[in-house]
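Student: If you scroll down you'll find the structure; I have some questions about it.
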């Protein structure tokens, strides 16, 4: 499934691929004062509480990493990579993974309750969070030069289509709930003389003072996909490593892109994308299939851009935009020459819990 084409005649369609990681779910759970979040560390304690078989290979590797003092000891997918590197047969790893998956489904249903979803739904509707995210997120860019990197930043035109494709790396429906365009926020035909249904703010901070304030009377489309599975379908939950080499090799059976059928379902979207937005992700190696294809898309068209929302804790020095870009380059295997070519296509939005932000904001 690709981007629906709604542009007519000389109208322009802008396709935005948003990739959302576990940072969003954690943000929601913290905002609603949930003591347990979807972090793997919390999941480890849940597995112990549920008395998961102590012989489970994944649990044993997790505890070995904890005993060695490794920083990411609880990372399930990191444990899978370590087991594979040790030469543990793939079939044995997958057998243990089935047990972990069943326990993780139980864990998610405990952490993300129906009452939490109801509270989020009410706030998203009353506070019009989804509409703000889709229409005003460029206000998060506080520098005119950076805003001009975005293909439609400072763009003044009517009858354009803003087409959002949210790749939800999370298994929960928190993001789907947040983004749903309910009847309070969205009317498909609000006008009597034109069929536009959306107002987009391409210059919300008013950098351009050369003419009147301009907001685009346009169209909006938005969809959410779960490439790694969905909470309500326990057997769909995918854990794994990145896909390297022959997709028909035995070790491919441990790769998320293999089971997600990423090449078939999603690879065709990248050449049609104008802006990539990454939020709530640490740019981990297990999702490098996605990062590599974003990098290739940037390399083939300098008009494309990547926005990375980067969380910086208040008690530490923030990472510079160049350092964040370097993290992306490393995990996407970008060559030194190509780094020079596409660095200026990357916009980094640094934020913390005190930062005023529009994109996927849940502050109440």
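Bear in mind that the values in this text are calculations on the coordinates, not laboratory data. What you see is a predicted model, and the numbers here were worked out from it, not measured in a lab. Here the Cβ is made from the backbone with ideal geometry for all residues, glycine too, and neighbour counts use every protein chain on show.
Student: Per residue and in Å³, how big is the convex hull formed by the alpha-carbon atoms of the chain?
Tutor: Spelled out: Cα convex hull of the chain, divided by residues, is 158 Å³.
Student: Follow-up question, since we're still on this one. Order of 26, 16, 233 from fewest to most other C-beta atoms within 10 Å?
Tutor: Listing 26, 16, 233 from fewest to most nearby Cβ atoms yields 233, 26, 16.
Student: Taking a ≥ b ≥ c as the square roots of the eigenvalues of the Cα gyration tensor of segment 51-104, is the shape rounded (a/c under 1.5), prolate (a/b larger than b/c) or oblate?
Tutor: Oblate, since a/c reaches 1.5 and b/c is not below a/b.
Student: Still on this structure: Can you classify segment 143-219 as rounded, prolate or oblate using the Cα gyration tensor, where a ≥ b ≥ c are the square roots of its eigenvalues, rounded means a/c under 1.5, and otherwise it's prolate if a/b beats b/c and oblate if not? Don't jump to the answer; show the numbers that get you there.
Tutor: Numbers: a/c = 2.58, a/b = 1.28, b/c = 2.02.
Taking the square roots of the gyration eigenvalues as a ≥ b ≥ c, segment 143-219 is oblate.
Student: Rounded to whole Å and ordered largest first, report the semi-axes of the equivalent ellipsoid of segment 1-146 derived from its Cα gyration tensor (root of 5λ).
Tutor: 38, 21, 16
Student: Another one. If only Cα atoms are counted, what is the Rg of segment 291-335, and what is its Dmax, in Å?
Tutor: 12.2, 39
Student: Right, something else. Mean 1/r over all different Cα pairs, inverted: what Kirkwood radius does segment 86-146 give, in Å?
Tutor: Taking every pair of different Cα atoms in segment 86-146, averaging 1/r and inverting gives 15.9 Å.
Student: With 21 Å as the cut-off, how large is the P(r) tail for segment 217-364, expressed as percent of Cα-Cα pairs?
Tutor: Everything past 21 Å amounts to 53 percent.
Student: Determine the distance separating the Cα centre of segment 147-178 from the Cα centre of segment 220-251; give it in Å without decimals.
Tutor: About 21 Å separates the Cα centre of segment 147-178 from the one of segment 220-251.
Student: What is the Cα coordinate range of segment 123-267 on the first, second and third principal axes, sorted by size from largest, in whole angstrom?
Tutor: Sorted largest first, the three principal extents are 61, 36, 27 Å.
Student: Quote the relative contact order of the chain in percent (integer), defining contacts as alpha-carbon pairs under 8 Å separated by 6+ residues.
Tutor: RCO, the chain: 23 percent.
Student: Please compute the modelled spin-label separation between residue 210 and residue 68, points set 7 Å along Cα→Cβ, answer in nm with one decimal.
Tutor: Placing both labels 7 Å beyond Cα along the Cβ direction yields 5.8 nm.
Student: Another question about this same structure. How much of the pair distance distribution for segment 159-202 lies past 11 Å, counting alpha-carbon pairs only, in percent? Present the calculation step by step, with values, prior to reporting the outcome.
Tutor: On the way: 721 of 946 pairs.
Everything past 11 Å amounts to 76 percent.
Student: Something else: So how do 79, 103 line up by other beta-carbon neighbours within 10 Å, fewest first?
Tutor: In increasing order of surrounding Cβ atoms, one gets 103, 79.
Student: Can you tell me what share of the DSSP beta bridges in the chain is antiparallel? A percent to the nearest 5 is fine.
Tutor: Around 10 percent antiparallel, to the nearest 5.
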